[in-house]
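Asks: I have a structure I would like to understand better, so I am pasting it below and will then ask my questions one at a time.
Please treat every number below as a calculation from the coordinates, not as lab data. These figures come from a predicted structure and were not determined experimentally. No Cβ is skipped: glycine too gets one built from the backbone with ideal geometry, and neighbour counts run over all protein chains shown.
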Amino acid sequence: MFAAQLLRDTTMGRGEALHALRHLPLSTRKGLVSFDYETRRRAEGRFFEAAIYELLRKAGEDNPRIQYIAAFGADAPVYIGQKQGIWYSRDGGIRICSGGRVRAEIDLLFADTFGTIYFAESTIVHPSPSAFIREVREKTALLSDLADGRPVEFLYISTTPPPPDLYPLFVNPGSWIVLPDLLLYIRELEQVVGSPRKRRALPHQKVVHGQVILDMEPVGALKPEKRDGLSSYIQRFFLK
């Protein structure tokens, strides 16, 4: 898969690691060097998520096939309106809304010029397979429905290979990416994680409000004909 290979081939540097810190509140940054195991692991999970977003920002700068990247964290816009489509939490988390309520939250969202939508879940601890598989399939169907039936592909990003029980997620269509080195950068940042850092947005030509991705017109392919929203959602859910 194009997106999975792109993220595998993009290298992380200290600059991207420092940029990842801007998405984390001071309490989470301090947690990265906490002596308490549970506190540190929760903070590492948040850093891993932010680091992957920065990795995608870097990949998108040079790859013409990436059309849009949904803003995340400190880059998330302040928006007040109807809860439909993409909605942001106070800390910049990407949420999927329908019918005026939050239906799901995802870690990463972007699209290529052919109109394919990619969403990712990142983790440093593998989840319970049955519940997670059901959750991913529901999110896939919901995103496709909100994007008028455009194709949606799932990425699973972790620090270690996924267990075999998660393999059904990578059949139609989906990929997994192992990035074991991202957490190692925390050691290089130990001297600065406790210093005050503003949650400032950094400009990027492809970072947009996530709703733009659902509404976009594909450049490289025709947009599929829109089907009845509820029936298409149900059909895609049971076909997964």
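Asks: Kindly provide the set of residues from segment 179-198 that are surrounded by 16 or more Cβ atoms within 10 Å (Cβ to Cβ) and within 21 Å of Leu108 (Cβ to Cβ), ordered by number. Lay out the reasoning, then the answer.
Replies: Filtering segment 179-198 for residues surrounded by 16 or more Cβ atoms within 10 Å (Cβ to Cβ) gives 179, 182-183, 185-186, 189, 193, 197.
Passing the criteria: Leu179, Leu182, Leu183, Tyr185, Ile186.
Asks: Right, here's the next one. What residue, of Arg22, Arg14, Arg8, Arg41, is touching a residue at least 24 places away in the same chain (Cβ under 8 Å), under 18 Å from the mean Cα position of the chain (by Cα) and surrounded by fewer than 18 Cβ atoms within 10 Å (Cβ to Cβ)?
Replies: Arg8
Asks: Same structure, new question: Might you check whether a residue that is among the acidic types (Asp, Glu) and in contact with a helix residue (DSSP H, G or I) (Cβ under 9 Å, 6 or more places away or on another chain) occurs anywhere in segment 55-62? Break it down into steps so the answer makes sense when it comes.
Replies: Start the filter on segment 55-62 by keeping residues that are among the acidic types (Asp, Glu), which leaves 61-62.
Right, trim to in contact with a helix residue (DSSP H, G or I) (Cβ under 9 Å, 6 or more places away or on another chain) and you get none.
No, the conditions are met nowhere in segment 55-62.
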